[in-house]
Amino acid sequence: MWDYTNKVMDLFYNPKNQGTITEERAGEKVVTGEVGSIACGDALRLHLKIDEATQRIVDAKFQTFGCASAIASSSALTEMLIGKTLDEAMQITNRDIADFLGGLPEEKMHCSVMGQEALEAAIYGYKGIALDHHEGDDEGALICTCFSVTDAKIKRVIRENKLTTAEQVTNYVKAGGGCSSCLAEIDDILEEIAREQETALEVAQAVAIKKEKNPEILAVKNLTNLQKITLIQQVLEEEIKPLLISDGGDVELYDVEGDRVQVKLKGACGSCESSTITLKHGIEARLRERVSPELVVLSV
Amino acid sequence: MKDCIYLDNNATTKVDEEVLAAMLPYLTLYYGNPSSMHTFGGQVKQVINTAREQIASLLGAEVSEIVFTSCGTEGDNAAIRAALAAQPDKRHIVTTAVEHPAVLNLCKKLEKEGYRVTYLSVNGQGQLDLDELEASLTGGTALVSVMYANNETGVVFPIERIGQIVKEYGAVFHVDAVQAVGKIPMNMKNSTIDLLTLSGHKLHAPKGIGALYVRRGVRFRPLLIGGHQERGRRAGTENVPAIVALGKAAALAEQHLVNIDQEQRLRDRLESNLLSLIPDTVVNGHPRERLPNTTNIGFKYIEGEAILLSLNQYGICASSGSACTSGSLEPSHVLRALGLPYSVLHGSIRFSLSRYTTEKEIDRVLEVMPGVITRLRALSPFNSDDAGWLQEQEKAVMSLAG
């Protein structure tokens, strides 16, 4: 029997906010995020009612097919969401859901990941961003065919939860839990991220040393190519992406050649008339400030 | 938690009070080693023989054909390894896709050791195709290992018909009868079975004891190497109290076999009422070719662990083949082998009765179950076949599975 906390059992026996939202008044919008599948044995349909003026979640309800921890995670998520703005809601990670429940057994962490994904799907739905399935896309190659898990999802959960072993990845997103033929690939991804983080650390140290020597210069020169790309990636992920997502957009690094940074604008940004402004004043300015003043950002 | 409605007897059973009483003196007073050269030790040798007689009687076997083991898993491993070791030139094994892990995972290991293994499929009701069996056999088949009855669905295989085919090809026939012994009458004297595994804790003896039937004349090489116990077929000092317990449990099981209809009547009462009280509910496995004590029911659109934990609140113990309860991420290999749709598979619950199960207990389950299922279905996004989402997924998955 699983070692569930009292909070998990309580929310399983007496879940809050179960059901659907049908009523929609003027100035409100109801959206639904669906994740999981009957094949995997768990699925969540999350319904959010959003006040369009304040961008605040005024109601949240769930329908869940799954085990006790899936139901408790869903209930927890709705409780956490009501009253939050969309920007605040986007900050919720699966770890927050698990913490709300007083922890989940490792093997059940994927229940909290499901909650976080349904939330993202619902908010993307509201912003009108199609959730791409990364088919044929290098960033989102299918790693686990048993549970349809892409490398993008695996990388994310590794980063957000500081995972170090393939077994943990299986517990969090199920990848590798079926036929187990992708475990070696998961090991490779873990190694890649570990290397990436090492490089990021080196960059941070290089930046710190530079700053100490020339306090007036924020940007850093004399980085190796790899360090530069890592730093650009880091700034995009940590500083630019969250801003764009809250406006319904998204960005992805495509390539770096010398000082030419090629990015892919996605979601609302891709079709937005002000995308050139976003590109030049938003992304380029920030990258020049943080990485190198010579950088030129182009959209592909 | 002490008092509960225990309907998980295929997982393990309670130790019968008479069994406990029979074994206790061998933990306290008569603790000697049967191999010793003094009367104090020697006297326990006699009770081991009595226990062997009791088991032989239940199986319709000779006393010398019974070897004590520590559990069902050891019995299966010893039997399969023994059969292979005796025929080093034959490198083919036939088993089924629905065996217990003690057989299935051993066979997977043997594949790595160079053996070829055929895993026979089952149909939607969990039954084997004997033509498939026959087609798989060759002169190079060393062993056929088939369970008597399935632990999850209770489906009983036609063991003697299988055995007749196996014998035509000269292979050794092993039967994992852990779930069947004590529930189905057996007589090894008129049987094609060469090796048969049984386990104590499935028939009201304690955990940690089992036995292996080895037909006289069948070549046997021990798994455990050491002393000369069990005529050299299983080294290790005899677990005397547990052996006494298994003997007593076998004697009680033999007595009880005449009343097995009683268990079946209660099982049928549970099953037919659940099916009529709760919509979208199906029985998994063949309705008649089944153990009298087992029913495996699929409650569509909801997940098994959630059902079990809800039942647990009422002190009702059952089990499920859902992915969430298995500790792995995959639902039961047995129910998947039946090709059940996922909407049924994840919500499957096994109730397994014993001779202690009462009508009152069954009625209590019938009282509680509809509410549990209704509550969970209300939570589920797949609460009917009308859920378009579900239908699409089901179709996609089934087409992938071919």
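The values are calculated or read from the model by the stated rules, or taken from the named source; none is laboratory data. Keep in mind that what you see is a predicted model, and the values were worked out from it rather than measured. Reconstructed Cβ throughout: ideal geometry from the backbone, glycine too, with neighbour counts over all protein chains shown.
Quick look at the numbers
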item	result
Unique match (being surrounded by fewer than 22 Cβ atoms within 10 Å (Cβ to Cβ) and without any contact (Cβ under 8 Å) to a residue 12 or more places away in the chain) among A:Met9, A:Met1, A:Met80	A:Met1
Lone unmet requirement of (1) over 24 Å from B:Leu104 (Cβ atoms); (2) crowded, with 22+ Cβ neighbours inside 10 Å for B:Gly321	(1)
Failed item in (1) within 14 Å of another protein chain (Cβ to nearest Cβ); (2) crowded, with 22+ Cβ neighbours inside 10 Å, with A:Pro105 passing the rest	(2)
Residues of segment B:66-120 that turn out to be under 20 Å from B:Arg231 (Cα atoms) and outside any helix (DSSP H, G or I), as a count	6
Subset of segment A:11-59 (residues that are more than 12 Å from chain B (Cβ to nearest Cβ) and closer than 28 Å to B:Cys324 by Cα)	A:Leu48
Residue in segment A:207-219 that is modelled with pLDDT of 85 or more, among the basic types (Lys, Arg), surrounded by fewer than 16 Cβ atoms within 10 Å (Cβ to Cβ) and assigned to a helix (DSSP H, G or I) present	no
Failed condition for B:Ala318, given (1) within 14 Å of A:Cys67 (Cβ to Cβ); (2) modelled with pLDDT of 95 or more; (3) touching a Lys or Arg at 6+ places or on another chain (Cβ under 8 Å)	(1)
Conditions (1) under 17 Å from B:Tyr6 (Cα atoms); (2) under 19 Å from the mean Cα position of the chain (by Cα): number failed by B:Ala249	(1)
Some residue of segment A:146-159 being modelled with pLDDT of 85 or more, part of a helix (DSSP H, G or I) and in contact with a Ser or Thr (Cβ under 9 Å, 6 or more places away or on another chain)	yes
Restricting segment B:288-303 to residues that are facing another protein chain (nearest Cβ under 9 Å) and over 16 Å from B:Val368 (Cβ atoms), the residue that is modelled with the highest pLDDT	B:Glu303
Residue within segment A:163-170 that is more than 18 Å from A:Leu231 (Cα to Cα), touching a residue at least 24 places away in the same chain (Cβ under 8 Å) and part of a helix (DSSP H, G or I) present	yes
Qualifying residue in segment B:63-80 (condition: more than 17 Å from B:His174 (Cα to Cα), more than 22 Å from the chain's Cα centre (by Cα) and of a type outside the set (Val, Ile, Thr))	yes
In segment B:14-44, the residues that are in a helix (DSSP H, G or I), surrounded by fewer than 16 Cβ atoms within 10 Å (Cβ to Cβ) and not β-branched (Val, Ile, Thr)	B:Glu17, B:Glu18, B:Ala21, B:Pro25, B:Leu27, B:Phe40, B:Gly42, B:Gln43
Of residues in segment B:121-161 being of a type in the set (Val, Ile, Thr) and not in a helix (DSSP H, G or I), the one surrounded by the fewest Cβ atoms within 10 Å (Cβ to Cβ)	B:Thr138
Some residue of segment A:83-101 being more than 14 Å from chain B (Cβ to nearest Cβ), under 22 Å from A:Ala39 (Cβ atoms), among the polar types (S, T, N, Q) and assigned to a helix (DSSP H, G or I)	yes
Total residues in segment B:196-223, condition in a loop (DSSP other than H, G, I, E, B) and touching a residue at least 24 places away in the same chain (Cβ under 8 Å)	15
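Table: residues versus (1) assigned to a loop (DSSP other than H, G, I, E, B); (2) more than 16 Å from B:Ile5 (Cα to Cα); (3) within 12 Å of another protein chain (Cβ to nearest Cβ); (4) at pLDDT 95 or above.
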| position | (1), (2), (3), (4) |
| --- | --- |
| B:Leu266 | no, no, no, yes |
| B:Ile307 | no, no, yes, yes |
| B:Lys360 | no, no, no, yes |
| B:Glu367 | no, no, no, yes |
| B:Gly371 | no, yes, no, yes |
